[in-house]
Structures are given as C-alpha cells and as structure tokens.
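The values are calculated or read from the model by the stated rules, or taken from the named source; none is laboratory data. Computed from a prediction, not measured in an experiment: that's the story for all the values here. Because the Cβ atoms are built from the backbone with ideal geometry, glycine has one as well, and the counts that use them run over all protein chains shown. Please note that ligands, DNA and RNA were not included when accessible areas were found on the heavy atoms of the full protein model with its side chains. Shrake-Rupley method; radii C 1.70, N 1.55, O 1.52, S 1.80 Å.
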Amino acid sequence: MLFEFIGGLGIFLLGIKYMGDGLQKIAGERLQYFLDKMTSNPFMGVLAGIIVTILLQTSSGTTVLTVGLVNAGFMTLRQAIGVIMGANIGTTMTAFIIGFDIQEYGLPILAIGALMLFFFKKEKLMNVGITIFGFGSLFFGLKLMGTGLKPLSTLDAFHDLTISMSNHPILGVLVGTVLTMIVQSSSATIGILQGLMMEGAIQLQAALPVLFGDNIGTTITAVIASIGTSIAARRAALTHVVFNLIGAVIILTFLGAYTNLIEYIQGLLGLNPAMTIAFSHGIYNLLNTIIQFPFIGFLAFLVTKLIPGEDVVVKYKPQHLDPIFLKQSPSIALDQAKLEVIRMGEYAIKGMTETSMYMNTNNQKHSEMAMQIEGALNNLDHEITDYLVELSGSNFTEVERHSHSALINAVRDIERIGDHYENIIELVNYKQSNKVDITEQGMIDLNEMFDLTISTVKEAIRAIENNDREAALSVIQKENAIDKMERNLRKKHIIRLNEGACTGTAGIVFADIISNLERMGDHAVNLADEVLEKK
C-alpha cells in the first residue's frame, strides 16, 4: 500500500513537472516578460497570474517568479498581489484535468508522449511530447495512488480521523497545510484528496477543510524563495500567506453553507468525486479573489506594517523614456534618453562600489546587490537602445545627431562596465571557493586601482551629464594612470611570485582583476571621447 502510494505520488509529481515544462517551452521562454507587461493594473495582474500558472502548472512557481520580479524592481507590491490572486485560480486547472475520468488511458497517453520524445527531433514536437508525457504520468500516478489509498477506507484509525476532521474543520486545515508543506505541491495533495474521494475513503465534509489547508501550505515555497531578498520581495511572499489565511478563515466561517452549495452543484451536474473536489477548489479560490480583490490596497498596507522598513530596490525599468515624445518632440525625447543614460551610469558606479566591497568583505549581500544592478544595466541597455533606434529617423540638427550617436555608444560602454565588474565578482567567488589567498600588499594594490577606476568612471559620467570638457580631459589623464598602474602591479606581482610570497593561482586571480579594471578605464575614456569630439 505504502509503496504504491509513494510511487504513484512520485509519478504524479513528475507528470506535473513535465506538463509545466512542456507548456512553458511551447509558450516560449518569455513568461517573465509577459508578467512584466501584463501587470499594468491589479485586474490585469489577476489574468496574468491565471495564464502563467496554467502554463507552469504550479501556483508556487508563479509566486516565486513574482517575488523575483518584485525583488528586481520590475513589479510593485500592488501589481504582485493581483498576480498572486490569479495564481490561486490558475492552479485549480490541474484538479479539473484530474476530474476527467480517464485514468485507464494514462499509460497509452504516457506512451504516446514517450514515443514523441524519442522519435521526433523537431523541438516543437518534442515539447508537445513532453507535455503529453506529463499528462499521461499525471493520470497513471493518480491511478497508482488510488490503488495504494484504497485500503485506507477499511482502516478504523483513518475512519476516526476523517470523522474528527468533519467535526473539527481546523484539524483538517492543519492536515492539509502540513501535507502540502512536505510535498511542496498543492496540486499533488489535492490529487491525493481526489484519489481518497474516488475510493470512498473520505467524505466531502472532511475533505473540504483539508482543501483549504492545501492553499495555505503551498505558500511555504514563496516564503522560502523570499529569504534573503529585498523587503519588497518578502512582503510579496507574506501577501500570499495572508491572502490564503484570510480566505480560509472566511470560508470556515461559512463552511456549512459552502458544503451545501458544493453538494447542490454535485447533484445538479452529476459530478464524480474527483470533479467535485475540483469544483470545490475552483469556486473557493474564485470567491476568495472576488472577496479580497477590492482590498488589495489594504493587503499592501497590512504587509507593509508587518514587514516595516525602507526598501532598497534596484529599478530595472527606465524612469525617463516616455514614448509620447518619440513623435511629438524628438528633441525632448533625446534629452530624456540622456537622463536615462546618466541614471544607467550611476547604477554602474554603484555596482562597481558594491563589487569593491564584496572583494574586501566577502559579504554576499554586496555580491547580490551588484548582480541585481548588472541585471538592471542589461535591461536598461535594451530599453534605451530601442528608444534611441526609434528616434533615429527623426529630423535632428547636426548637433542633435551627434548627441544621438554618442548616447548609443555610451549605453554600450556603460553596459560593458557592468560585464567587467561581473567578471570580478566571479573571480572573487573563485577565490573564496578555492581558498585562494591574495597577499596583504596585493589587496592594498587592488583597492588603490579599484578606487582610481571608480573615480575615473564617475568623472566620465559627470562629463556626459554636464557636457564638461575639463572633466573629460581629466578622465583621459586618470585612464593613463590606470594603464601605468596595471603595468606596475603586474611587475610587483611577478616579484612576489619569484619570492614565493604569492601562489600561481592567486596570481591569476590578481592579474585578471586588474585586467578587468583596466578595461573599465578604457570604456570610461570612450565616454569622455564623445564629449571631447562634440566640442
């Protein structure tokens, strides 16, 4: 009994994963982009949450993705709440799929998917095969679970437990919560419930509280994903918990009426036990969203009070690129693009500073912040470049045309600075994981060169911002000093190697770091040259 149940559960979970993977690949790898663009208001967020969860086959996956977007500054807390509500509705799709009584066809469906995986080489067909394979595994796993669970209906201890859950709904909620926390999938625990109902091992009155507990238990994944992230991301994860807790309290208050409603629908539509659970789950999540949707502002206020503090969020989205100026006033649009390039440059300086602190302290929070900023630089690179490309056909003056070209070049150089400090982070990670020690003098030299490089990039950004020729000339001088420093540091490093004060591995890390710093100086000179050429 135990082996069949555990094996069936494993195949069932595998089915959910393969279905989600296949659907996600068929939909393309742009779910994050879809969520970002579709969440202009909470209602659109609900729709986006439903669609993405159906594709991922897991509300936890959607919520974790949402927490990541909030952490990255792509999404506000209010937008995230809408997505989380939609995810709760979208996750009911799996229960409805299970509700169709086609368990006997699980193996042939699984076989068709496997054949497509093995005999088709075209990627699209293989993705369809993965989805079909997951679909078949879902039903085959459910059948095995049902066979394993069947003897439970004859066990007095389990019969007593179901009676207790009927009489004490909170016990059922706890059982559902704990079980889902263990399995990490509400779809799986609801599948178990459906299996128990089909085998006659549990009645609706006992099953419903467990169902509500499943919704609470599934929030643990997002909570785990939010550990160590920004305050905004932790608030988004807590919103998922609060939303499901409030829903469970409301529904338990009217449990008798809700049970009567489900029994009425079951009789009216002639639903089988599995489909009855699916309708119970779907109606509950839909009602919960309808009831709480008008209070999104209150939910945001509540979690802000529960997790207080000012959040430092790296805003991935551009702040100044208003598309209305593209046609109406290209000159203003060019000025807006310049403001965004300056903002991007300030982010690059912040990323370099965080990288320097990480190199000295080995504190992961500096590495994480620097990598978040690097992600923002990549996104701003695409957004600003696209904006400037749309402007390229405008009737500019000669000066404006030069500015337009200079900004496109500046964006590329600033993005490359981000790539170089990312290389340094990887080198520091390598140094830590391989217990590589750089000498005290080596660290002093690195910090001196790092400080000079940061100062040079700062001056280059200021030169662009103020069109300052003196600052641009200063950048050239500082970059010459960086080149000279790199040559001197390499010589000093060779001396340390010859004296045995430094290992070869440490030498490679040291040399690669100063090489990346020197390249950042080169990009700073490129920025300064644009200002000098303008004059």
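Taking the average, over residues, of other Cβ atoms within 10 Å as the packing measure, peptides 112-119, 411-418 rank 411-418, 112-119 from highest down. With each label modelled as a point 7 angstrom along the Cα→C-beta vector, the Leu115-Thr503 pair spans 5.7 nm. The residues of the chain expose on average 45 square angstrom of accessible surface per residue, using a 1.4 Å probe on protein heavy atoms. Model label sites at Ala257 and Ile182, defined 7 Å from Cα along the beta-carbon direction, differ in position by 3.5 nm.
Amide H of Met75 versus every other amide H placed in the peptide plane: which residues, excluding those fewer than 5 positions away on the same chain, fall under 5 Å? HN-HN under 5 Å from Met75: Val70. Scaling against 2.2 N^0.38 Å puts the C-alpha radius of gyration of the chain at 1.22. Note on region 404-535: percent of Cα-Cα distances in each 5 Å bin, starting at 0 and stopping at the bin with the largest distance, equals 2, 11, 20, 19, 16, 12, 9, 6, 3, 1, 0.
Pairs of alpha carbons in region 354-460 separated by more than 18 Å make up 59% of all such pairs. Here Ile283 and Met44 are evaluated by their C-beta separation; at R0 = 22 Å the FRET efficiency comes out at 0.45. For the set Lys122/Lys143; Lys121/Lys143; Lys317/Lys350; Lys17/Lys124; Lys365/Lys431, the pairs lying more than 23 angstrom apart at their alpha carbons are Lys122/Lys143; Lys121/Lys143. A straight chain from Lys435 to Leu306 at 0.36 nm per residue would run longer than the Cα-Cα distance by 42.4 nm.
Modelled spin labels at Glu470 and Ile6, positioned 7 Å past Cα toward Cβ, are 7.7 nm from each other.
Apolar share of the accessible surface for region 401-535: 46 percent from carbon plus sulfur atoms, 1.4 Å probe. Radius of gyration (Cα atoms) of region 206-286, expressed as a multiple of 2.2 N^0.38 Å: 1.32.
With only the Cα atoms considered, region 435-500 has a convex hull volume of 73 Å³ per residue. Shown in residue order for region 88-96 are the 3J(HN,Hα) couplings computed by the Karplus curve 6.51 cos²θ - 1.76 cosθ + 1.60 at θ = phi - 60°: 5, 6, x, 5, 6, 4, 4, 5, 5 Hz (x for Gly and Pro). Packing around the peptides 190-201, 83-94, taken as the average count of other Cβ atoms within 10 Å per residue, puts them in this order, highest first: 83-94, 190-201. From its DSSP helices (H runs of at least four residues, each -39,500 (n - 2.57)), the chain gives a residue-normalised ellipticity at 222 nm of -28500 deg cm²/dmol.
Sequence-distant contacts, meaning Cα pairs under 8 Å at least 6 residues apart, place the relative contact order of the chain at 13 percent. For region 324-332, 3J(HN,Hα) computed residue by residue from phi via the Karplus equation (6.51, -1.76, 1.60; θ = phi - 60°) reads 5, 7, 4, 9, 6, 8, x, 5, 5 Hz, glycine and proline entered as x.
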